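Structure, as structure tokens:
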Amino acid sequence: VQLQASGGGLVQSEGSLTLFCVASGRTFSSYAVGWFRQAPGKEREFVAAISWGGGFTQYADSVKGRFTISRDNARNTVSLQMNSLKPEDTANYYCAAERSKSGVFRLVSEYHDWGQGTLVTVSS
């Protein structure tokens, strides 16, 4: 599946942004989806993930309570609502998908398909 991430931008600290990951193909509902981020000079890290049907979600401790992942399979879209943004949330954000109907995944190596990044910059 091909993925297109969008929604990044510049926002002030404590502001909000919503990222979108739109997939091509008719079988998107068979895929678990994750969001990852990578700051300059750092490794790519897990942010949030959602199961194929949306019934299961997981979050990194650093974003729990501030970020919400959701999906609309009819529109082939997964969203990441980000609230109370902090300067340390600044990074390129990537969505990834893995064909699976058995849960969610937190590791970069568990995902086969990746979108391009969308840059989120949070100013203090």
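The values are calculated or read from the model by the stated rules, or taken from the named source; none is laboratory data. Every value quoted in this text rests on a predicted model; they were computed, and no experiment measured them. Ideal geometry is used to build each Cβ from the backbone, glycine not excepted, and the neighbour counts take in all protein chains shown. We work out accessible area using only protein heavy atoms, side chains counted, and drop any ligands, DNA or RNA first. Shrake-Rupley method; radii C 1.70, N 1.55, O 1.52, S 1.80 Å.
At a 10 angstrom cut-off on C-beta neighbours, averaged per residue, how do the peptides 38-44, 61-67, 82-88 rank from highest to lowest?
On the way: 38-44: 10.6, 61-67: 13.7, 82-88: 16.0.
Packing order, densest peptide first, comes out as 82-88, 61-67, 38-44.
Can you give the percent of C-alpha pairs in the chain whose distance is more than 26 Å? Mind dumping the intermediate values first?
Values: 1003 of 7626 pairs.
Here the long-distance tail beyond 26 Å is 13 percent of all Cα pairs in the chain.
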**Prompt:** If we restrict to alpha carbons, what Rg and Dmax does the range 1-72 come to, in Å?
**Reply:** 13.1, 38
**Complete:** Full extension between Ser16 and Glu43 adds, at 0.36 nm per residue less the Cα distance, a length in nm of 7.3 nm
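Can you pull the percent of the chain's accessible area that's carbon plus sulfur, 1.4 Å probe, other chains left in place? Present the calculation step by step, with values, prior to reporting the outcome.
Working: 3020 of 6350 Å².
The computed percentage sits at 48.
Could you grab the relative contact order for the chain? Cα pairs under 8 Å, six or more apart, rounded to a whole percent.
Relative contact order comes out at 37 percent.
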**Item:** Accessible area (Å², per residue) of the chain, counting only protein heavy atoms and a probe of 1.4 Å
**Value:** 51
**Fill in**
Placing each pseudo-label 7 Å from Cα in the direction of the beta carbon, Thr68 and Ser6 end up separated by a distance in nanometres of 2.2
**Asked** How large is ³J(HN,Hα) for each residue in the range 77-84, as worked out from phi by the Karplus curve 6.51 cos²θ - 1.76 cosθ + 1.60 (θ = phi - 60°), to whole Hz, x for Gly and Pro?
**Response** 10, 10, 10, 10, 7, 10, 10, 6
